[in-house]
Amino acid sequence: LPELGIDVSNISFNTLTLQSDKFICIREKTAQREQVCIVDLEDTTMTFRRPITADSAIMNPENKIIALKAGRNLQVFNLELKAKVKSCMMSEDVKYWRWITPFDIALVTETTVFHWSIEGTSSPVKQFEIHATLNGTQIISYCTNAKMNWMALIGISAPQGRIVGSMQLYNKDRGASQPIEAHAAEFSEIWLEGATQPTQVFAFTSRGAAGSKIHVVEIDHVEGNPPFQKRSADVFFPPEAVNDFPVAMQAGPKYEL
């Protein structure tokens, strides 16, 4: 990124967002101006800047559409058409947000998780209230399965100097939540031998006082498909990485990883 003229002071968790393998979005701030730099990862010579003032900026995972947050004001713009797509004013501060599909943005406030479609005229729609185990945590991750009936919200905190991951796993069909200690999670689909439909799985990992593990479990079993046996494995951290912990998990359905 410095080779593209981006100052290292602007490469941080608070100023840089990566929503997919297509774009990197960086908020640049100097004494003279504030702007957003968008790096096209398919062709870095197409990197461009726009004079935009915002608290946060996230690029659509597939298209040249950008979502901007300034206070409680949210706006979505199509950069190619140079047109505003949608906007809304939230009644609470948004602590965390991300694109969950090319058409939907997840919004996490102090108390609630919303989904906001950039299509039509609808306002953000409440999905669930945040579990008490995530109170006071820093939200670092949110994901859903393809059908968007399972959701996982993750926050971290540091009691007694140890980074603890707290996850809320929510099932929309049952309207039920399950608190789990975890630092990272992901939904995916795999094909089992003899199956007529893909098997939905949920993977999560955590690092506790007793060590670190990754778990993979089946969700929403399809009648007629072979059952998926729950799997667990240890995750190795070197002795010198005392305070290290998992921060992200990415599924690769193409390679069943």
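The values are calculated or read from the model by the stated rules, or taken from the named source; none is laboratory data. These numbers come from a predicted model, not from an experiment. Note that we place each Cβ from the backbone using ideal geometry, even for glycine, and neighbour counts take in every protein chain shown. Each accessible area value is taken on the protein alone, full model and side chains, heavy atoms only, with ligands, DNA and RNA left out. Shrake-Rupley method; radii C 1.70, N 1.55, O 1.52, S 1.80 Å.
Tabulated data
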{"quantity": "Gaussian network model of the chain, springs between alpha carbon atoms under 10 Å - residue of Ile52, Ile24, Ile38 with greatest fluctuation", "calculated": "Ile52"}
{"quantity": "Using θ = phi - 60° and Karplus 6.51 cos²θ - 1.76 cosθ + 1.60, couplings along the range 93-99 (whole Hz; Gly, Pro as x)", "calculated": "5, 8, 7, 7, 8, 6, 6"}
{"quantity": "DSSP-loop trypsin sites (Lys or Arg not before Pro) across the range 166-257, with at most 16 other Cβ within 10 angstrom", "calculated": "Lys172, Arg174, Lys230"}
{"quantity": "Point-to-point label distance, Lys29-Asn135, nm (Cα→Cβ direction, 7 Å offset)", "calculated": "3.1 nm"}
{"quantity": "Neighbour net charge for Lys22 - beta-carbon separation under 11 angstrom, K R +1, D E -1", "calculated": "-4"}
{"quantity": "Residue among Ser122, Phe187, Ser232 farthest towards the positive dipole end of the chain, charges placed on Cβ", "calculated": "Ser122"}
{"quantity": "When the range 1-48 is reduced to its Cα atoms, the Kirkwood hydrodynamic radius in Å", "calculated": "11.0 Å"}
{"quantity": "Residues with amide H under 5 Å from that of Thr47, placed H, sequence gap 5 or more", "calculated": "Asp40"}
{"quantity": "Simple Cβ-charge dipole of the chain, Lys/Arg +1 and Asp/Glu -1, about Cα centre, in debye nearest 20", "calculated": "680 debye"}
{"quantity": "Cut-off 15 Å between beta-carbons: net charge of the residues surrounding Gly165, Lys and Arg +1, Asp and Glu -1", "calculated": "0"}
{"quantity": "Selection of GluC sites (Glu not before Pro), the range 74-142, meeting DSSP coil and at most 10 other Cβ within 10 Å", "calculated": "Glu80, Glu119"}
{"quantity": "Per-residue HN-Hα couplings for the range 49-59 [Karplus 6.51, -1.76, 1.60; θ = phi - 60°; Hz; x = Gly/Pro]", "calculated": "10, 9, x, 10, 9, 7, 6, 7, 9, 10, 8"}
{"quantity": "Given charges at beta-carbon only (K, R positive; D, E negative), |dipole| of the range 160-257 in Debye", "calculated": "260 debye"}
{"quantity": "Computed over the chain: relative contact order in percent, which uses C-alpha pairs under 8 Å that are six or more apart", "calculated": "8 percent"}
{"quantity": "Accessible surface, per residue, of the chain when the full set of protein chains is kept, probe 1.4 Å, Å²", "calculated": "55 Å²"}
{"quantity": "GluC sites (Glu not before Pro) within the range 166-257: DSSP coil, no more than 13 neighbouring Cβ in 10 Å", "calculated": "Glu193, Glu223, Glu240, Glu256"}
{"quantity": "Nonlocal amide H pairs with Ala184, under 5 Å, H built at 1.01 Å", "calculated": "Thr205"}
{"quantity": "Order of exposure, largest accessible area first, which applies to Leu257, Leu192 with probe 1.4 Å", "calculated": "Leu257, Leu192"}
{"quantity": "In Hz, Karplus ³J(HN,Hα) per residue of the range 158-167 (6.51, -1.76, 1.60; θ = phi - 60°; x = Gly, Pro)", "calculated": "10, x, 6, x, 9, 6, 9, x, 10, 10"}
{"quantity": "Relative frequency of Cα-Cα separations exceeding 16 Å in the range 185-257, percent", "calculated": "55 percent"}
{"quantity": "Surface share of carbon and sulfur [accessible, 1.4 angstrom probe, percent] for the chain", "calculated": "52 percent"}
{"quantity": "Options [x] 18.1, 55; [y] 19.6, 64; [z] 21.1, 77 - which one matches Rg and Dmax of the Cα atoms in Å as calculated here", "calculated": "[y]"}
{"quantity": "Amide proton proximity set for Val85, modelled H, under 5 Å, gap of 5+", "calculated": "Val76, Phe77, Asn78"}
{"quantity": "Residue-count net charge about Phe77 - beta-carbon cut-off 12 Å; Lys, Arg +1, Asp, Glu -1", "calculated": "+4"}
{"quantity": "Contact order relative to length of the range 160-252, as percent, for alpha carbon pairs under 8 angstrom and 6 or more apart", "calculated": "25 percent"}
